[in-house]
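The structure appears below as structure tokens.
The values are calculated or read from the model by the stated rules, or taken from the named source; none is laboratory data. Fair warning: this is a prediction, and the values are worked out from it, not measured in the lab. Here Cβ is always computed from backbone atoms with ideal geometry, including for glycine, and neighbour counts include all displayed protein chains.
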Amino acid sequence: MNRKAILALVLVMGLIITAGAVWAEQGAATGPRSGPGRACCAGSGGGGGGGWCNFGDPALSEKFLKETEKLRADIYRKHTEMNYLLSAQPIDEAKVKAAQKEINNLKAQMADKKVEYMVEARKKNPNWTPGSGRGGCGGRGPGGGY
């Protein structure tokens, strides 16, 4: 092989390794914007209040996480799909709008589930208020914040 071919091969391998490391880091993280893991912060940013799953009762919070695991994974997958659709050339506007509708629907389901748990938390502890307790949700990477 000539020098240019070797250089091109080394560059491509470097990109593949870097992309793999970034992908693995996103899967290992537990922040709200790191994928479908066990993140429970509200909103689409890097934190928020006491979080989606701080219901003042660890067992209730764990139950919420387990029950919404598939929903959070679906939201993450749809965001990934949306990013892909937006990076395609040419952009298929109809597909982008359809994906956004699905994301909105999934987020509405997540919000409904959150309200159910908020009501349950208040029944167990009338002094509990949303967002009370420790926040500290600081994630990274792409995602819908759920």
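Remarks
- In region 87-100, the residues that are over 18 Å from the mean Cα position of the chain (by Cα), in a helix (DSSP H, G or I) and not acidic (Asp, Glu): 87, 94, 95, 96, 97, 98
Table: residues versus (1) at pLDDT 95 or above; (2) closer than 13 Å to residue 53 by Cα.
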residue: 70; (1), (2): yes, no
residue: 80; (1), (2): yes, no
residue: 94; (1), (2): yes, no
residue: 103; (1), (2): yes, no
residue: 106; (1), (2): yes, no
residue: 116; (1), (2): no, yes
residue: 141; (1), (2): no, no
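- Annotation note: of 107, 70, the sole residue that is surrounded by 15 or more Cβ atoms within 10 Å (Cβ to Cβ) and assigned to a helix (DSSP H, G or I) is 107.
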